[in-house]
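Notes follow the structure.
Values quoted throughout were computed directly from the atomic coordinates according to the rules given, and no laboratory measurement underlies them. The model shown is predicted, which means the values in this text are computed figures rather than measured ones. Counting neighbours? That spans all protein chains shown, and the Cβs are built from the backbone with ideal geometry, glycine included.
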Amino acid sequence: MILVFKLILTPSLIAAVTLSGRRWGPGVSGWLIGLPLTSGPVSLILALQNGPPFAAASVVGVLEGVASFCVFCLTYVFCAERFGWAASSSLSVLAFFMAAFLWRLPPPWQ
């Protein structure tokens with residue numbers, strides 16, 4: 001049952017967003033794709049298979065990844081106004097990895 005759930009849920013959600021984009025335009029599909037349509041179902045499946053504590057620990061990693069992606073996007077926006085695409089991309093990837101590294105460090109109060 002979970003295998004069928006894995007194979008159907010996320011592709012169905014992505015297909016629905018694609019079709020809504022064709023119907024109502026790229027603005028609607030852009031807003032919808034910003035939802036956790038891939039990480040949400042994966043977290044649910046992890047919770048069903050391995051239990052809530054495991055899923056909770058994995059969600060921390062998902063949030064760190066999303067936060068690192070936000071750092072990437074913000075860095076690219078600020079760099080793209082000043083540099084070319086190659087420098088902006090390189091600096092953004094570097095910022096992503098730095099953010100991902102920093103999220104994994106223990107808090108200073110521990």
Next on the checklist: On a full-extension model of 0.36 nm per residue, what is the gain between residue 78 and residue 109, subtracting their alpha-carbon distance, rounded to one decimal in nm?
Outcome noted: 8.0 nm
Checklist entry - Given the chain, what whole percent of its Cα pairs are spread farther than 16 Å? => result 71 percent
Next on the checklist: What is the distance in Å between the Cα centroid of the stretch 6-58 and that of the stretch 76-104?
Outcome noted: 26 Å
Checklist entry - Taking 0.36 nm per intervening residue step and subtracting the Cα-Cα distance, what contour gain separates residue 69 from residue 31 on full extension? => result 12.0 nm
Item to check | Contour excess over end-to-end distance, with Cα ends at residue 43 and residue 18 and 0.36 nm allotted per residue | outcome: 6.8 nm
Checklist entry - Kirkwood hydrodynamic radius of the stretch 16-63 from all distinct Cα pairs, in Å? => result 11.9 Å
Checklist entry - For a label point 7 angstrom out from the Cα of residue 50 toward its Cβ, which stretches of the stretch 58-99 have the backbone nitrogen within less than 18 Å? => result 58-66
Checklist entry - If you average the sequence gap of Cα pairs under 8 Å that are 6 or more apart and divide by the length of the chain, what percent do you get for the contact order? => result 18 percent
Next on the checklist: Suppose we keep just the alpha-carbon trace of the stretch 59-110; what are its Rg and Dmax in angstrom?
Outcome noted: 12.5, 41
